[in-house]
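Encoded as structure tokens, the structure appears first; notes follow it.
Read-outs: derived from the displayed coordinates by stated rules, not from any lab. Values in this document were obtained by computation on a predicted structure and should not be read as measured data. Because the Cβ atoms are built from the backbone with ideal geometry, glycine has one as well, and the counts that use them run over all protein chains shown.
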Ligand SMILES: [Zn+2]
Ligand SMILES: [Zn+2]
Ligand SMILES: [Zn+2]
């Protein structure tokens, strides 16, 4: 029997994202927060989605039987009262919007780096915009702009540009209603920079700081210095345990979280770890968060 999509670990209700954050976090209207914000994990897989065709490992088999455990390519959708920002348009972007019942509205895009799992949906996303009168604003580092232009020459054609690049470098800040997004640099490895996000969230409980860093094989010292008083570090779950190629293993992310005195560590960009969900949670340890497709990042806050 093919997978049926069942109830999600973090249930998505159409229209829920229009509620104030207080309702989402506390279950009741909260505090002084009057802006609207939801941060959805559109996807939570590493470079290849789960399940993988032909694979019958515990992880893939379980995901086939329980749609809540299916994972598509990692992406975040940040919805504030004034703007919708998509982080990393991967190849599943059409499916992700349809699955979540989302309106095709994206005001700008942040690209962490130009690997296929993070940019291949850019062409689809340009088509997905409800209002195609305006070019799509894409923040990407210079190194990755060039590669995006090589993948999608028609999107950057000067005679009819469909996307316009905006600056993305360490320290770049984007201010939305209720959230300030700051860029910090990481790297798969030397000379392959990746961007990560430090989000400053205005919540009814005060200012909360969330770091989102997938594909982080390296963390330069000046980036590390920015990571003070982090409430939630959402890190790279490509490899369970030890280190992989250009990615930290989950052990390294947990160790970094401890070094930085992060209140809570959670994982996205989950790889083909070949253990079932309960086994993965057990390996990660108590108090460690795990993101699922369709989940709200705010629900992971400690
Ligand atoms: Zn990736
Ligand atoms: Zn498998
Ligand atoms: Zn990558």
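What value, in deg cm²/dmol to 500, does the helix sum -39500 (n - 2.57) over DSSP H runs of n ≥ 4 give at 222 nm once divided by the residues of the chain? Calculated mean residue ellipticity at 222 nm is -5500 deg cm²/dmol. Cβ crowding within 10 Å ranks 205, 117, 82 as 82, 205, 117, fewest other Cβ atoms first.
Where the alpha-carbon atoms of the stretch 36-300 are placed on the principal axes, they occupy 53, 44, 39 Å, in descending order.
Here 191, 208, 147 are placed in order of increasing Cβ neighbour count within 10 Å, fewest first, which gives 191, 147, 208. The value of relative contact order for the stretch 36-300, using C-alpha pairs under 8 Å at least six residues apart, is 19 percent. When the Gaussian network model of the chain links Cα atoms closer than 10 Å, the mean-square fluctuations of 203, 172, 40 top out at 172.
If you stretched the chain out fully between residue 225 and residue 173, how much longer would it get, using 0.36 nm times the residue separation minus the C-alpha to C-alpha distance?
On the way: separation 52, 0.36 × 52 = 18.72 nm, distance 1.66 nm.
Result: 17.1 nm gained on full extension.
Which of rounded, prolate, oblate describes the stretch 104-239, given a ≥ b ≥ c as roots of the alpha-carbon gyration tensor eigenvalues and a/c under 1.5 marking rounded, otherwise prolate only if a/b is larger than b/c? Since a/c reaches 1.5 but b/c is at least a/b, the shape of the stretch 104-239 is classed as oblate. Length gained on full extension, residue 133 to residue 158: 7.4 nm, using 0.36 nm per residue less the C-alpha separation. When the chain is treated as a Gaussian network with alpha carbon springs shorter than 10 Å, the biggest mean-square fluctuation among 146, 264, 133 belongs to 133. By the count of other C-beta atoms within 10 Å, a proxy for reagent exposure, 127, 73, 226, 159 are ordered fewest to most as 159, 127, 226, 73.
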